[in-house]
Amino acid sequence: MSKLTSHLFLRSEPRINFLIATSVASLLYFLVLALLFTPGTKILFGVLILGEVFHVWQALTYIYTVWDLEYQAPFDGSFEPPVDVFITVAGEPVSLVKETAQAARLMDYPSFNVFILNDGYVANKDNWQEMEKMAKEIGVGCLTRKVPGGAKAGNINHGLSLTHFPYVAVFDADHVPHADFLKKTMGYFKDAKTGFVQTPQFYKNAPLNRTTRGAWEQQELFYGPICRGKNRLNSATMCGTNMVLARRALEEVGGMCTESIAEDFATGLFMHERGWKSVYVPEVLAEGLAPEDFLSYYKQQFRWARGALDVIFKYGLIFRKGLTLAQKIQYLSSASFFLSGVVVLVNILLPIIFLYTGLVPILLSGMLLAALFLPYIFITLYTLSLTSNYRFTFEALSFAMGGFWIHVSALWAAITGTSKGFSITSKTGVRGNFPALIRPHVVYIVLALVGILIALLREGFSPSVMNNLAWVIVNISIFIPFMRAAMPELDRGNISLPVTLDNELSYDKA
């Protein structure tokens, strides 16, 4: 992937006319659906309308975010305070960490120290001593933690307790910084109220396979227009790597949050709540690795979803004081994205319910709903493409919608308080197929095929049957790239035994 091609996600510009048109289309579609159509089964109608309320919320908050992407925070290139550079490690391959550490050591900046924060010992990884040896060989510090607790956040807090520079840069083990990383971030801290500066996560291995490509294409929309738009609202999201933190801001919020498996998201929230500012730098200044297999991707997405939903259910985002209205909207918008899995589940089940029972949420004949829906969805998807510089792909849509069961599972865990430890995303691919992770999709397809036969026997090729059959086909088509990513051996025409998931889905605690 060439640098010219890979960085296009940062070059999008909104077109106000399309943003306005999308807002109008979203509201009109909702109002017509809610007020002008005759309800069918009341429960199904109510569920449908609740789902559409969520869609309107998503559309309007997205448009609000990307309305203006031109804001730039003040930058003073002469401001060059000393920096402690942390590379968080918990058993990753030594060669991978070495590449990151060497690049960090060679950054073009007057005063900084590099430390490998070695959590291999507390995570029971065999290579923790090799990590110490490698650090000594290349001339960087290595802080090996011996007392567990708090996973990655605890590791960073341990590093903070043993260092003293006023600013801290943090990189995951696989995110290799560019030589100018500090030169292009530290100038924003000239404003003494800047708490953190975040740069994009970028996956240099995106072309490797279907999973890496899908994982990256999902991220392009977030790290492109969404993060750029959050800048003007002082609502940049802390993303855990490729970032610089003010030590004073961290100390004021008690260090990195150890109570959430999305410690970065929560810590950023606490900083904003205390009045600290944030900056997003729309330039790739470090390059990392996407999860190379579907299992690692699944675990990563679950961790992100669970951590974000904790902000709503555990930390009471709506009722927290100290945030501006704009910041509260941005955090709620980001966290509520992981509720979309429930809405997807409802939407895909509505046609299945009809096929089996004949029950519908609204009463209509012919293709009236399709005639209303198609212009609305077309302008919405086209606006997404425009604002992301045409980086929003069908595969990104497939991974976003296909991951509905991840979101549902994370929501259940958040509501019930089910505890799962922190999980490091694997930096090497796990071979094999993962049919257990797409079981809900397979069940859906089977239910759909049986339901189609039942509906045809009940009423033949009626307009209602054809409408719901079309929805089922669309849903299955969207799921297919997601399902193929879960079955890479079959995708290549090579059949292999599936990986046993009992142990693979456990979450390591550090």
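Worth a mention:
- D (Stokes-Einstein, µm²/s), Kirkwood Cα radius, the range 167-220, 1.567 mPa s at 4 °C: 98
- Each residue of the range 57-73 was assigned a 3J(HN,Hα) from its phi angle through the Karplus expression (A = 6.51, B = -1.76, C = 1.60, θ = phi - 60°), giving 4, 4, 5, 5, 6, 5, 5, 4, 5, 8, 4, 9, 10, 9, 4, 10, 6 Hz with x at Gly and Pro.
- Among (i) 79, 46, 44; (ii) 80, 66, 46; (iii) 76, 51, 43, the entry that matches Cα extents along the principal axes in Å as calculated here: (iii)
- The range 111-159: C-alpha gyration tensor shape, a/c 1.5 cut-off, then a/b vs b/c: oblate
- Per-pair calculated FRET efficiency, R0 = 25 Å: L106 and D76 via Cβ, rounded to 0.05: 0.55
- The peptide list 219-232, 326-339, put in order of mean Cβ contacts within 10 Å with the highest first, becomes 219-232, 326-339.
- Each Cα pair under 8 Å and six or more residues apart adds its separation to the average, and for the chain the resulting relative contact order is 20 percent.
- Rounded to the nearest 5, the antiparallel percentage of DSSP beta bridges internal to the chain is 35%.
- Above-threshold pairs, the threshold being 23 Å between Cα atoms, out of K152/K314; K98/K193; K98/K299; K230/K277; K125/K146: K98/K193; K98/K299
- Segments 450-462, 385-397, 61-73 sorted - mean Cβ within 10 Å per residue, highest first: 385-397, 61-73, 450-462
- Per-peptide packing, taken as the mean over residues of other Cβ atoms within 10 Å, places 281-289, 95-103 in the sequence 281-289, 95-103 from highest down.
- Excluding same-chain neighbours fewer than eight residues apart, the aspartates and glutamates reachable from K321 by a Cα-Cα span under 15 Å are E273.
- Nonpolar atom fraction for the chain, defined as the carbon and sulfur part of the 1.4 Å probe accessible area, stands at 63 percent.
- Available extension along the chain between K42 and L60 is 3.8 nm, counting 0.36 nm per residue and deducting the alpha carbon span.
- Projecting label points 7 angstrom from Cα along Cα→Cβ for L369 and S477 puts them 1.8 nm apart.
- In the chain, the calculated helix contribution to ellipticity at 222 nm averages -16000 deg cm²/dmol per residue, counting -39,500 (n - 2.57) for every DSSP H run with n ≥ 4.
- Heavy-atom accessible surface of D293, to the nearest 10 Å², is about 10 Å², with a 1.4 Å probe and all protein chains retained.
- Shape class of the range 46-120 from the alpha-carbon gyration tensor: oblate, with a/c at 1.5 or above and b/c at least as large as a/b.
- Take the Cα of I454, step 7 Å toward its Cβ, do the same at R11, and the gap between the two points is 5.2 nm.
- D76, D126, reordered so the largest accessible area comes first (probe 1.4 Å): D126, D76
- Of Y444, Y188, Y121, the residue with the largest accessible area leads and the full order is Y121, Y188, Y444 (1.4 Å probe).
- Seen through its C-alpha gyration tensor, with square-root eigenvalues sorted a ≥ b ≥ c, the range 346-389 comes out oblate because a/c lies at 1.5 or above while a/b is not bigger than b/c.
The values are calculated or read from the model by the stated rules, or taken from the named source; none is laboratory data. Quick caveat, the model's predicted, so the values are computed rather than measured. Don't worry about glycine lacking a Cβ; one is built from the backbone with ideal geometry, like all the others, and counts go over all protein chains shown. What goes into the accessible areas is simple: the full protein's heavy atoms, side chains included, and nothing from ligands, DNA or RNA. Shrake-Rupley method; radii C 1.70, N 1.55, O 1.52, S 1.80 Å.
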